[in-house]
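My questions will all concern the structure given below.
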Amino acid sequence: MKAVVVTGASTGIGAACVSLLVENGFLVFASVRREADADALVAHHGASVIPLLFDVTDADAVAAAARDVETRLGGETLAGLVNNAGVAVPGPLLHLPIDDFRRQIEINVIGQLRIIQAFAPLLGAGAPRRGAPGRIVNMSSVAGRFAAPFLGAYAASKFGLEGMSDVLRRELMVYGVDVVLIEPGMIATPIWDKAEETDIAMFEGTAYAAPGRRMLKWLVEAGRRAPGPEVVARAVLRALTDRRPPVRIPIVRNRFTGYTLRSLLPARFVDWLTARRLGLLPK
């Protein structure tokens, strides 16, 4: 049975990935931060899921989880590592507290590299193991290609993950370990319930108060109308099982208008359209 590690597996995209991978015969090591979430995964999937308890910012806990997986694999190669854990810290960059920005980068970039460094040897990047080299699937975002106002910290983290993934894909060729990026657009997950409760009071009295509320309202409404996390899970399965998967797999409802067109239009024109929509143009 092929084994895969999935981080951030308690809800949303991570949980959907666990379910689909189990359905397709994988043994899933699923990382969560709470015992209750670990118990829920086992209750739902039985022996096909082995929970790992760690936060991606906890180096000691990550290292311990990697040792646990290594022991359980018994010399076999880990088939895949799905880096899904992450957060989104909203707010205009001009007024965003530096500690909030640091937390965003710590989790979405440094945390991802910490996980990769810990589990890459089990994928075949190092000492020989039994089986073909595994793959790394990094959960990026359309925000890793196109940055939106009030999501600057999140976009910075995903742009960083994109660049890091490109480098890793080239560096890991020597071991035969591939790296694939998943780039979801809006996906209907519990994150939008949390987003609706976002406190933007600290930005009141700034030029960004009204545009920020407008952006938050649009994000919540669009997020709840979006496709479910199952579409992302299918892309992850493809990244792990296709003989030669694409380097990037965007997941947007209309690939041309939602992804390709933005890269073809002049940047200044996109700036103007975005600012006009949010009320960011000078008066």
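Need the failing condition index for MET1 against (1) touching a Gly at 6+ places or on another chain (Cβ under 9 Å); (2) crowded, with 19+ Cβ neighbours inside 10 Å, just the number.
In the conditions (1) touching a Gly at 6+ places or on another chain (Cβ under 9 Å); (2) crowded, with 19+ Cβ neighbours inside 10 Å, MET1 misses (2) alone.
Among the residues of region 22-33, are any aliphatic (A, V, I, L, M), at pLDDT 95 or above, more than 26 Å from LEU237 (Cβ to Cβ) and in contact with a helix residue (DSSP H, G or I) (Cβ under 8 Å, 6 or more places away or on another chain)? Don't jump to the end; show me each part of the working.
Initial filter on region 22-33 (aliphatic (A, V, I, L, M)): 22, 27-28, 30, 32.
Adding the requirement that they be at pLDDT 95 or above leaves 22, 27-28, 30, 32.
Checking the rest, the ones that are also more than 26 Å from LEU237 (Cβ to Cβ) come to none.
Within region 22-33, none of the residues are aliphatic (A, V, I, L, M), at pLDDT 95 or above, more than 26 Å from LEU237 (Cβ to Cβ) and in contact with a helix residue (DSSP H, G or I) (Cβ under 8 Å, 6 or more places away or on another chain).
Across region 76-92, what is the number of residues that are at pLDDT 95 or above, of a type outside the set (D, E, K, R) and over 20 Å from GLY12 (Cβ atoms)?
Selection size over region 76-92: 3.
Still on this structure: Between LEU94, LEU113, LEU73, which is over 23 Å from the mean Cα position of the chain (by Cα), within 30 Å of PHE150 (Cβ to Cβ) and not aromatic (Phe, Trp, Tyr)?
Values: LEU113 fails: over 23 Å from the mean Cα position of the chain (by Cα); LEU73 fails: within 30 Å of PHE150 (Cβ to Cβ).
Every option except LEU94 fails the conditions.
Let me ask something additional. Looking at (1) assigned to a strand (DSSP E or B); (2) free of Cβ contacts under 8 Å to residues at least 12 places away in the same chain; (3) of a type outside the set (A, V, I, L, M, F, W, C), which one does ARG67 not meet, given that it meets all the others?
Going through (1) assigned to a strand (DSSP E or B); (2) free of Cβ contacts under 8 Å to residues at least 12 places away in the same chain; (3) of a type outside the set (A, V, I, L, M, F, W, C) one by one, ARG67 breaks only (1).
Anything in region 86-130 that is out of contact with any helix residue (DSSP H, G or I) (no Cβ under 8 Å at 6 or more places or on another chain) and among the small types (Gly, Ala, Ser)? List them, or say none.
GLY111
Residue by residue, here is whether (1) among the β-branched types (Val, Ile, Thr); (2) over 27 Å from SER10 (Cα atoms); (3) at pLDDT below 95; (4) touching a His at 6+ places or on another chain (Cβ under 9 Å) holds:
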residue	(1), (2), (3), (4)
ILE98	yes, yes, no, no
PHE101	no, no, no, no
PRO149	no, yes, yes, no
SER165	no, no, no, no
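Here is a follow-up. Take region 43-58 and flag every residue that is assigned to a helix (DSSP H, G or I) and exposed (fewer than 15 other Cβ atoms within 10 Å of the Cβ). Before the answer, list the steps.
Looking only at region 43-58, we keep the residues that are assigned to a helix (DSSP H, G or I), and these are 43-48.
Correct list: ALA43, HIS44, GLY46, ALA47.
Now for a different question. Are any residues in region 108-163 surrounded by fewer than 22 Cβ atoms within 10 Å (Cβ to Cβ) and β-branched (Val, Ile, Thr), and if so, which ones?
Scanning region 108-163 gives VAL109, ILE110, ILE116, VAL142.
The values are calculated or read from the model by the stated rules, or taken from the named source; none is laboratory data. This is a predicted model, so every value here is computed, not measured. Here Cβ is always computed from backbone atoms with ideal geometry, including for glycine, and neighbour counts include all displayed protein chains.
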